[in-house]
Amino acid sequence: MERKDFETWLDNISVTFLSLTDLQKNETLDHLISLSGAVQLRHLSNNLETLLKRDFLKLLPLELSFYLLKWLDPQTLLTCCLVSKQWNKVISACTEVWQTACKNLGWQIDDSVQDALHWKKVYLKAILRMKQLEDHEAFETSSLIGHSARVYALYYKDGLLCTGSDDLSAKLWDVSTGQCIYGIQTHTCAAVKFDEQKLVTGSFDNTVACWEWSSGARTQHFRGHTGAVFSVDYNDELDILVSGSADFTVKVWALSAGTCLNTLTGHTEWVTKVVLQKCKVRSLLHSPGDYILLSADKYEIKIWPIGREINCKCLKTLSVSEDRSICLQPRLHFDGKYIVCSSALGLYQWDFASYDILRVIKTPEVANLALLGFGDVFALLFDNRYLYIMDLRTESLISRWPLPEYRKSKRGSSFLAGATTTD
């Protein structure tokens with residue numbers, strides 16, 4: 001057929017085809033396909049792919065692509081990254097998607113870091129860590145050698161670990177290298193807390209002391225307790241130090257002057273923990289930004305307001321049984337919003353705004369777990385044999401790690417959780 005005749009025929013066929021119903025058009029195409037050979041079918045396949053398989057992610061505006069990607073789960077997104085370099089580039093650049101994915105896994109998010117590729121890498125690392133937790137391969141063990149007697153006290157901050165020992169010394173270690181940065185002569189340390197300049201120690205000799213790292217000199221000596229000092233905390237802004245003792249009291253001291261400002265009474269057991277922390281919620285008794293002192297013994301947690309006026313009235317006493325039939329483990333978590341403590345029945349979480357118990361997390365498979373750390377998604381617990389990871393969303397233990405043999409402390413100071421990071 002000549003070209004001119006073919007074009008006339010094609011025009012007539014096109015007009016007729018357009019007048020058909022959809023069903024008739026489909027039947028016509030099916031008939032034509034059945035009459036086609038290999039060359040025609042290959043031509044049809046190549047052109048259909050161009051017409052039908054359009055890369056919508058490449059064609060859409062970036063903001064609209066990000067909006068659509070937010071509806072996909074992370075594992076699907078990772079699969080989509082394998083489609084093409086363009087898809088991988090667009091998906092990897094969606095900061096909000098990967099930050100949300102990291103939050104859902106319990107990772108702490110620094111909103112100032114807007115590098116999307118950074119958060120995708122963090123997510124991949126988190127997934128690997130979750131797999132390691134499930135396979136009981138998430139932890140490594142190392143030893144810090146230097147003390148010549150039992151280590152009683154531990155405190156961790158910003159990659160540094162302070163240890164207080166019965167050998168009358170305290171040491172500051174770089175955890176990443178295992179190197180001892182400072183070693184100073186002290187008294188027997190039952191509790192330690194430090195910053196860049198100083199170390200504060202509570203002792204079995206019934207005193208609290210403040211030491212200078214650089215010189216090893218004792219700059220303050222706080223005398224007044226009649227029993228061993230099991231816990232200390234301080235705040236430089238308030239110039240206040242607090243201590244809890246086996247004499248059933250909590251003392252409030254002027255940090256710089258070394259004088260006792262107040263003795264808080266009401267406990268009927270050893271005070272094994274004191275925490276000085278800013279409140280983050282509002283109630284009838286306190287406002288956000290107020291400093292709160294928590295003190296705990298074997299049966300009760302007491303809440304005290306504290307500031308420059310050194311108000312000593314106890315706001316509230318918390319317990320898990322009125323008849324004292326249930327003991328609290330000597331561990332306490334307070335982040336300004338929630339108070340968490342463990343007992344033989346499980347973990348108790350109080351809302352600090354109302355002082356109501358929000359929930360009791362029971363662990364029927366393992367009894368008498370002590371609290372080591374408590375976050376938004378995970379909790380660290382331990383017993384005589386294992387360190388446990390609990391997923392707080394399902395309230396189930398998802399992993400465990402064998403602990404070295406140790407002598408259990410009634411004060412709960414045998415183990416310490418380091419800081420949670422986003423690295």
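The values are calculated or read from the model by the stated rules, or taken from the named source; none is laboratory data. A quick note: this is a predicted structure, and the numbers were derived from the prediction, not measured. Heads up, the Cβs are rebuilt from the backbone with ideal geometry, glycines too, and the neighbour counts pull from every protein chain shown. For accessibility, only protein heavy atoms count, side chains too; no ligands or nucleic acids. Shrake-Rupley method; radii C 1.70, N 1.55, O 1.52, S 1.80 Å.
A few points about this structure:
- Test: residue in the range 343-359 that is outside the structural domain of residue 233 (by the TED database), open to solvent by less than 50 Å² (accessible area, probe 1.4 Å), outside any loop (DSSP other than H, G, I, E, B) and at pLDDT below 90: yes
- Total residues in the range 101-110, condition without any contact (Cβ under 8 Å) to a residue 12 or more places away in the chain and more than 19 Å from residue 77 (Cα to Cα): 0
- Pairs with Cβ under 8 Å, 6+ apart, first in the range 326-340 and aliphatic (A, V, I, L, M), second in a loop (DSSP other than H, G, I, E, B) and open to solvent by less than 20 Å² (accessible area, probe 1.4 Å): 328/297; 339/352
- Cβ separations smaller than 8 Å between residues 6+ apart or across chains give the following pairs from the range 61-77 residues that are within 14 Å of residue 120 (Cα to Cα) to residues that are among the aromatic types (Phe, Trp, Tyr) and assigned to a helix (DSSP H, G or I): 74/98; 74/123.
- From 39, 122, residue being aliphatic (A, V, I, L, M) and in contact (Cβ under 8 Å) with a residue 40 or more places away in the chain: 122
- Hits in the range 94-124 (condition: among the hydroxyl-bearing types (Ser, Thr, Tyr) and outside any helix (DSSP H, G or I)): 112
- Of all residues making up the range 363-394, the number that are aromatic (Phe, Trp, Tyr) and in contact with a Gly (Cβ under 8 Å, 6 or more places away or on another chain): 1
- Flag for residue 175 being over 20 Å from residue 245 (Cα atoms), assigned by the TED database to the domain that holds residue 242, within 21 Å of the chain's Cα centre (by Cα) and in contact (Cβ under 8 Å) with a residue 12 or more places away in the chain: yes
- If the condition is being surrounded by 22 or more Cβ atoms within 10 Å (Cβ to Cβ) and either closer than 26 Å to residue 370 by Cα or over 33 Å from the mean Cα position of the chain (by Cα) (or both), then the range 252-273 contributes 267, 271, 272, 273.
- Subset of the range 97-119 (residues that are crowded, with 21+ Cβ neighbours inside 10 Å and farther than 24 Å from residue 389 by Cβ): 97
- Taking the range 260-293 as the range and being in a loop (DSSP other than H, G, I, E, B), touching a strand residue (DSSP E or B) at 6+ places or on another chain (Cβ under 7 Å) and of a type in the set (S, T, N, Q) as the test, only 272 passes.
- Filter pass, residue 90 being open to solvent by less than 40 Å² (accessible area, probe 1.4 Å) and under 20 Å from the mean Cα position of the chain (by Cα): no
- Checking each residue in the range 151-172 for being of a type in the set (D, E, K, R), open to solvent by 60 Å² or more (accessible area, probe 1.4 Å) and touching a residue at least 24 places away in the same chain (Cβ under 8 Å) picks out 157, 158.
- With respect to the conditions (1) within 23 Å of residue 402 (Cα to Cα); (2) among the hydrophobic types (A, V, I, L, M, F, W, C); (3) touching a strand residue (DSSP E or B) at 6+ places or on another chain (Cβ under 6 Å), residue 130 falls short on a single one, namely (3).
- Filter pass, residue 259 being of a type outside the set (Lys, Arg), touching a residue at least 24 places away in the same chain (Cβ under 8 Å) and within 26 Å of residue 194 (Cα to Cα): no
- Flag if residue 82 is closer than 27 Å to residue 126 by Cα, of a type in the set (A, V, I, L, M) and either at pLDDT 90 or above or open to solvent by 100 Å² or more (accessible area, probe 1.4 Å) (or both): yes
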